[in-house]
Amino acid sequence: MKTAVKPVTNVLAVGVGGQGIIRLSNILAETAFRSGLDVKKSEIHGLSQRGGSVYSHIRWGETVFSPVIMDGEAHFVLALEELEALRFAHTVRPDGLILINDFRLLPATVVNRQAEYPDDIDEQLLEYARFERIPATKMAADLGNVRAANIILIGALARHLELDVDTWKAVVRDSFASKFAEINEHAFEVGYNFAEAGKAEPEPAT
């Protein structure tokens, strides 16, 4: 008797140097691994100085042959900065979802007045897929650690996945030194509950 093959889930995490993209992607990969799934991950952080673009492909399922997500194949884009969300919006599937930290970090070209930060990001994103805005940086600051914004975004993502919540929490707890584990586990719950409370209903795709 054949059993159904678990489909592959594709998540692209994007942001800028210093926002914790690599730790975020490690937590996603470890949670899928502890759930008994095959996992592949790749990351680009050549511009690792603060302000440089950083992104990571994470894929899991029963069998995953490549760590690379092709354009238009990401089920989720997890963006810690608005402009980075737009930069990678082409990677999401038409039925996918973009989760955005409601936060802007002006690139050097904008600071130096060589370019302008786009003021129509929402309109442009809707050309690709639905999206949710989550004020993760503000919520993390309210918790007392602005660096926990990436964990809040993981919590928001977890609501859309079938992986066990206790496994997520265990991986988050194990990913930090003991003195930071509690606040990050709380950050995960804040992100999960914020999304579940319907405060981040996705915008409809056009």
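The values are calculated or read from the model by the stated rules, or taken from the named source; none is laboratory data. Just so you know, these numbers come straight off a predicted model, no measurement behind them. Here the Cβ positions follow ideal geometry from the backbone for every residue, glycine too, while neighbour counts run over all protein chains shown. Side chains included, ligands, DNA and RNA excluded: accessible areas come from the protein's heavy atoms. Shrake-Rupley method; radii C 1.70, N 1.55, O 1.52, S 1.80 Å.
By the compact-protein rule of thumb, 2.2 N^0.38 Å, the alpha-carbon radius of gyration of the range 94-165 corresponds to a ratio of 1.32. Once backbone amide H atoms are built at 1.01 Å from N, Val92 has Gly72, Ala74 as its partners under 5 Å, excluding neighbours fewer than 5 places away on the same chain.
Of the chymotrypsin sites (Phe, Trp or Tyr not before Pro) in the range 60-144, the ones in a loop by DSSP (not H, G, I, E or B) with at most 14 other beta carbons within 10 Å are Phe65. Applying the criteria of a DSSP loop state and at most 10 other Cβ atoms within 10 Å to the trypsin sites (Lys or Arg not before Pro) of the range 83-164 yields Arg113.
Shown here: mean projected area of the Cα convex hull in nm², derived from the displayed model; of the candidates [x] 12.4; [y] 10.2; [z] 11.7, it corresponds to [x].
Its relative contact order, with pairs defined as Cα atoms under 8 Å and 6+ residues apart, puts the range 9-105 at 31 percent.
Computed on the chain, with alpha-carbon pairs under 8 angstrom and 6+ residues apart, the relative contact order is 19 percent.
Considering the chain as a Gaussian network with a 10 Å cut-off on Cα pairs, which listed residue, Gln19, Gln124, Gln114, attains the greatest mean-square fluctuation? Result for the chain, Cα springs under 10 Å: Gln114 fluctuates most. Given R₀ = 30 Å, FRET efficiency for Val68-Ala181 by Cβ-Cβ distance, to 0.05? Given R0 = 30 Å and the Cβ-Cβ separation, E is 0.40. Give me the one-decimal nm value for the distance between modelled label points at Asp166 and Asp122, 7 Å along each residue's Cα-to-Cβ direction. Rounded to a tenth, the inter-label distance reads 4.0 nm.
Of all the accessible heavy-atom surface of the chain, with the other protein chains kept in place and a 1.4 Å probe, what percent is carbon and sulfur? Looking at the chain in its full context, I get 51 percent from C and S.
With both residues required to sit in the chain, DSSP beta bridges show an antiparallel share near 55%.
Solvent exposure of the chain amounts to 51 Å² per residue of accessible area, where only protein heavy atoms count and the probe is 1.4 Å. Of Val146, Val171, Val11, the residue with the greatest mean-square motion in the GNM of the chain, using alpha carbon springs below 10 Å, is Val146.
Between Val54 and Gly15, Val16, Gly17, the built amide H atoms are under 5 Å apart, and every one of these is 5 or more places off in sequence or on another chain.
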